[in-house]
Amino acid sequence: MRRHDVVPLAPLAFANPIQGSTVVLEMKYYTYAEVAQILRCSERTVHNRVRNGDIKPLRNGRLVLFTQQCIEEFLQRNSKTPNTQTLN
């Protein structure tokens with residue numbers, strides 16, 4: 001495997017104690033470019049927001065990914081008007 005190959009992350013699986021079955025949670029992960037597109041800004045701005053601690057991504061070595069939840073939290077903290085919509 002080369003250094004730049006991206007390894008897909010597996011979905012999280014939890015045992016459901018009520019029904020005795022397994023619940024699988026699918027999480028959507030975003031790259032710097034995708035987050036920049038969502039926020040309508042440059043990738044450099046997203047890098048700066050991460051460096052300043054405004055957006056908290058998931059890190060695995062050099063791989064940096066953003067969850068839908070971390071983007072929504074950032075938008076809620078920084079919106080001028082209350083927004084009840086979520087990303088889809």
Order of F66, F74 - criterion: other Cβ atoms within 10 Å of each residue's Cβ, fewest first
F74, F66
Taking amide H positions as placed in the peptide plane 1.01 Å from N, state which residues far from M27 in sequence (5 or more) or on other chains have amide H under 5 Å from it.
L12
Just rank C41, C70, fewest to most, by other beta-carbon atoms within 10 angstrom.
C41, C70
Among L58, L65, L75, what is the fewest-to-most ranking by other Cβ atoms within 10 Å?
L58, L75, L65
If you add up the charges near C41, with Lys and Arg at +1 and Asp and Glu at -1, over every other residue whose beta carbon is less than 15 angstrom from its beta carbon, what do you get?
+1
Using θ = phi - 60° and the Karplus relation 6.51 cos²θ - 1.76 cosθ + 1.60, list the HN-Hα couplings for segment 35-44 in order, rounded to whole Hz, with x at every Gly or Pro.
5, 4, 5, 4, 7, 6, 9, 8, 4, 4
Near the amide H of V64, under 5 Å away, which other amide H atoms are found, from residues 5 or more places off or on another chain, if H is placed in the peptide plane?
none
Potential extension, E26-L63 segment - 0.36 nm per residue separation minus Cα distance:
11.4 nm
The answer for the net charge of residues other than E72 whose Cβ lies under 15 angstrom from its Cβ, with Lys and Arg +1 and Asp and Glu -1, is +1
Which value, in debye to the nearest 20, gives the size of the charge dipole of segment 27-78 about its Cα centre, when Lys and Arg are +1 and Asp and Glu are -1 at the Cβ?
160 debye
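Readers should treat all values here as calculations from the given coordinates under stated rules, not as data from a laboratory. Values in this document were obtained by computation on a predicted structure and should not be read as measured data. Positions of Cβ are generated from backbone atoms using ideal geometry, with glycine treated the same way; all protein chains shown enter the neighbour counts.
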